[in-house]
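Since the structure comes first, as structure tokens, the remarks are kept for the end.
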Amino acid sequence: MAVRYRIGEFAELSGVSTKTLRFYDEIGLLRPASVDPRTRYRLYLPQQLEELASILALKDVGASLTEVRNLTNKAGSNKERQEILSELKKEVEQSIQMATQSLKWINATLSELDDSGRPIAVVVKRRPAVLVASIRSRVQSYSEIERFEQELLSELPVQSMGDLRGVLWHSCADSGFLEGEPFVALKQRVPSRSVYDLKQLPPATLACAYSGLDFDSAERSYAAIRRWMNTRGYRVAGPKRELYLDRLLEIQFPMRSA
């Protein structure tokens with residue numbers, strides 16, 4: 001008569017718990033060879049140690065219990081096993097890539113903490129298209145844009161203006177000249193005028209940070225967004241946006257993958 005092990009003996013030989021063996025029996029992953037009709041003890045054959053080892057080896061490399069059960073129940077071919085393992089390999093490679101990317105971002109954030117002591121948070125926002133009235137012009141200084149903002153506000157009917165106001169910067173000081181475009185979101189269409197343009201501010205995915213209204217604070221936020229985009233491999237995809245939020249400035253960089 002073939003040697004049979006009770007569940008406790010089989011658990012000790014195999015290195016897994018009796019609880020695990022009962023669970024594998026319940027889900028049909030590894031049934032006992034027989035059950036004693038009198039004592040109801042589960043009994044296992046020595047050959048099942050090899051079957052259990054195969055299950056544990058697949059599980060150890062990340063195969064799900066469902067995948068393991070499908071392979072073992074069908075006495076899965078090498079081709080089927082190869083397909084599952086190839087898929088697992090792809091998933092692990094993607095996980096490593098994501099973890100490496102996250103580590104790079106964490107190191108960049110730690111570096112900013114060391115440099116400034118107070119990091120500037122950068123967040124991603126997706127914004128729909130919005131109808132705006134705007135005036136585009138070249139200026140000699142950033143403060144000069146305020147004159148065109150006031151001109152735009154004075155030309156628009158109060159009831160047509162929405163809450164969203166700001167400036168699109170087409171060119172900044174590092175390009176050799178300043179070109180800005182104050183804009184106001186519109187709640188309703190207004191008559192065309194030679195003073196301002198009517199246009200759709202396009203939908204965009206934006207890297208955003210906040211600052212005070214002073215130049216130094218804004219420059220720190222600009223620099224933080226540039227570092228953030230560079231670390232993650234994004235490029236600027238349109239004029240930078242500055243939104244006025246009472247005494248706060250929201251700086252937005254439209255972005256796309258490099």
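Some notes on this structure:
- Taking trypsin sites (Lys or Arg not before Pro) across the range 184-251, the ones in a DSSP loop with at most 15 further Cβ atoms lying within 10 angstrom of their Cβ are K187, R189, R193, R247.
- Taking each of K104/K240; K59/K125; K187/K240 in turn, the alpha-carbon distance tops 28 angstrom for K59/K125.
- Expressed as a whole percent, the accessible surface of the chain that belongs to carbon and sulfur atoms is 50, based on a 1.4 Å probe.
- Structure remark: mean-square fluctuation, Gaussian network model of the chain, C-alpha springs under 10 Å; the largest value among G162, G28, G233 belongs to G28.
- Taking the range 107-258 and dividing mean pair separation by its residue count, relative contact order in percent (alpha carbons under 8 Å, at least six apart): 28
- In the full protein context, the chain carries 62 Å² of accessible surface per residue, based on a 1.4 Å probe and ignoring ligands, DNA and RNA.
- Taking I225, I84, I120 as the candidate residues, the one with maximal mean-square fluctuation in a Gaussian network model of the chain, Cα springs under 10 Å, is I84.
- Structure remark: mean-square fluctuation, Gaussian network model of the chain, C-alpha springs under 10 Å; the largest value among L131, L43, L88 belongs to L43.
- With each label modelled as a point 7 angstrom along the Cα→C-beta vector, the D60-E12 pair spans 2.3 nm.
- Rounded to 10°, Cα long-axis angle of helix 78-116 versus longest principal axis of the chain: 40
The values are calculated or read from the model by the stated rules, or taken from the named source; none is laboratory data. Given the structure is predicted, the values throughout are model-derived calculations rather than measurements. Neighbour counts run over all protein chains shown; Cβ positions are idealised from the backbone, glycine included. Please note that ligands, DNA and RNA were not included when accessible areas were found on the heavy atoms of the full protein model with its side chains. Shrake-Rupley method; radii C 1.70, N 1.55, O 1.52, S 1.80 Å.
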